[in-house]
Amino acid sequence: MTDFSQTRALFDLPAGVTYLDGNSLGPLPRATAARVAQTVQDEWGAHLISAWNTCGWMAKPRALGDRIGALIGAEPGHTVIGDTLSIKVFQALAAALKLIPDRRVILSDTGNFPTDLYMAEGLLKLLPEGYELRTVAPEDVASAITEEVAVMMITEVDYRTGRRHDMQALTQLAHDKGALTIWDLAHSAGAFPVHLADCGADFAVGCTYKYLNAGPGAPAFIYVAPKHAAEAEPALAGWLGHKAPFAFDLGYTAGDGIDRMRVGTPPVIQMAALEAALDIWETVDLDALRARSLELADRFIAKVEATTDLALATPRAPRDRGSQVSFRHPEGYAIMQALIARGVIGDFRAPDILRFGITPLYLSETEIDHAAEVLADILATNAWNAPEYKERKAVT
Ligand SMILES: *Cc1c(COP(=O)(O)O)cnc(C)c1O
């Protein structure tokens, strides 16, 4: 069992800060700076170009993919890292549509993160007439899975409300209708146990800078189920996804299995930060993490509801939520700015969501209580109602 009173010491959090935004950008692990410095100086600096071989840089996207795969229930050898999540969404979607050429509908929901929908729209412009992105309310996804649907592209946890879809049930429904599934795990990986192989998911994608703590700009990951690995086309046919990149053939031949989902040069320095972050995850029992996350979330919900009149936006049933708690308030932006000014960091999502990430690796009951108390005080005193809290910054 992971001892969550010990894991906080693995992170370098500023004093006086209660960090409830690890669902958006995870904090800095203590080991990261030295690991990155080592990669820069001892590898890049000392070995120059030979480091691609001598330091194993070229093999890292697969090795890191497998380490993430272990956290999301993927079969070894079927996950790879690289690029950003938006790019990986595009690749998964293009590959899935190609596998099912007689169907034309991409099904998604209005709780999806906009970039996933934008990538689908962009892809549709490259495809022949007749393809359609059908976006329904989250609660209507199950009934919208028809035999017209080629691909169901769903983000498991809603970035605003924290509502969680039932991956097992929706994947089964999709398969019953002959559709393929793409699961976006941006708010799942490192938030709770995910069982991709057991659920029979066809494709999955996600990022590593949220709950996994690999730092701003850290690479994304993509998973392709073994049954599709030999057929899925990467769409972005980059040289490092080629079967023999250093043969420098003029024509493209896809690499074996998941290797073909690589595109270009991997982000070596950022991979060092990802490695340091994943070292922490080696020690974490994900079932214990989930239990602790629900315990802290329930505590926060109870305290906030007892002391404020904020409306809970997150489902109450534990099985229907991820690892965040959200409340609605028309002045949510100003309230969040007032909280941040007092060292309680969450974030705001338009139009009215106050969002709090629950991350047991570095949050305690004391901090949960403190955050709830500061929030109650800001509301009771109307401290948020000040001009400096109402001016919108570029990143909310
Ligand atoms: C955070 C997030 C993204 C971000 O995509 P990037 O390409 O990494 O900027 C995409 N999709 C979902 C569902 C997210 O939560």
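Number of residues in the range 131-172 that are closer than 13 Å to GLY200 by Cα and either at pLDDT below 95 or in contact with a helix residue (DSSP H, G or I) (Cβ under 6 Å, 6 or more places away or on another chain) (or both) equals 3. Annotation: of all residues in the range 184-241 being open to solvent by less than 10 Å² (accessible area, probe 1.4 Å) and of a type in the set (Asp, Glu), the one that is farthest from the ligand (Cβ to nearest atom) is ASP202. Examine the range 107-130 for a residue that is open to solvent by 50 Å² or more (accessible area, probe 1.4 Å), over 23 Å from GLY257 (Cβ atoms), within 16 Å of the ligand (Cβ to nearest atom) and touching a residue at least 40 places away in the same chain (Cβ under 8 Å), and state whether such a residue exists. Yes, the range 107-130 has at least one match.
Here ALA276 passes the criteria (1) of a type outside the set (D, E, K, R); (2) part of a helix (DSSP H, G or I); (3) out of contact with any strand residue (DSSP E or B) (no Cβ under 6 Å at 6 or more places or on another chain); (4) assigned by TED's automatic domain parsing to the domain that holds LYS243 except the one numbered (3). Candidates in the range 75-93 are the residues that are more than 18 Å from ALA174 (Cβ to Cβ) and hydrophobic (A, V, I, L, M, F, W, C); of these, the one that is nearest to the ligand (Cβ to nearest atom) is LEU85. Here the range 312-358 is the region considered, the condition is being β-branched (Val, Ile, Thr) and open to solvent by 10 Å² or more (accessible area, probe 1.4 Å), and the residue that is farthest from ASP12 (Cα to Cα) is ILE340. Screening the range 136-164 for residues that are surrounded by fewer than 18 Cβ atoms within 10 Å (Cβ to Cβ) and among the β-branched types (Val, Ile, Thr) and picking the one that is nearest to ASP347 (Cα to Cα) gives VAL136. Summed over the range 378-396, the residues that are touching a helix residue (DSSP H, G or I) at 6+ places or on another chain (Cβ under 9 Å) and not in a loop (DSSP other than H, G, I, E, B) give a count of 5. For the range 290-312, the condition holds for no residue, the condition being that it is among the small types (Gly, Ala, Ser) and touching a Gly at 6+ places or on another chain (Cβ under 8 Å). Scan the range 167-183 for residues that are over 29 Å from ASP279 (Cα atoms) and open to solvent by 10 Å² or more (accessible area, probe 1.4 Å) and the total you get is 9. For the range 339-396, a tally of residues being of a type in the set (A, V, I, L, M) and in contact with a Gly (Cβ under 7 Å, 6 or more places away or on another chain) returns 3.
Listed here are the residues, each with its yes/no results for (1) modelled with pLDDT of 95 or more; (2) open to solvent by 50 Å² or more (accessible area, probe 1.4 Å); (3) in the same structural domain as LEU361 (by TED's automatic domain parsing); (4) in contact with a Phe, Trp or Tyr (Cβ under 6 Å, 6 or more places away or on another chain).
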{"position": "TYR19", "(1), (2), (3), (4)": "yes, no, yes, no"}
{"position": "GLN41", "(1), (2), (3), (4)": "yes, yes, no, no"}
{"position": "ALA46", "(1), (2), (3), (4)": "yes, yes, no, no"}
{"position": "ILE49", "(1), (2), (3), (4)": "yes, yes, no, no"}
{"position": "LYS60", "(1), (2), (3), (4)": "yes, no, no, no"}
{"position": "ALA63", "(1), (2), (3), (4)": "yes, yes, no, no"}
{"position": "GLY73", "(1), (2), (3), (4)": "yes, no, no, no"}
{"position": "GLY82", "(1), (2), (3), (4)": "yes, no, no, no"}
{"position": "LEU85", "(1), (2), (3), (4)": "yes, no, no, no"}
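Residues of the range 158-183 that are away from the ligand (no atom under 16 Å from the Cβ), within 16 Å of PRO318 (Cα to Cα) and of a type in the set (Gly, Ala, Ser): none at all.
The values are calculated or read from the model by the stated rules, or taken from the named source; none is laboratory data. Predicted model, so just to flag it, every value in this text is computed and none were measured. Glycine also receives a Cβ, built like all others from the backbone with ideal geometry; neighbour counts cover every protein chain displayed. Side chains are part of the model used for accessible areas, which takes the heavy atoms of the whole protein and leaves out ligands, DNA and RNA. Shrake-Rupley method; radii C 1.70, N 1.55, O 1.52, S 1.80 Å.
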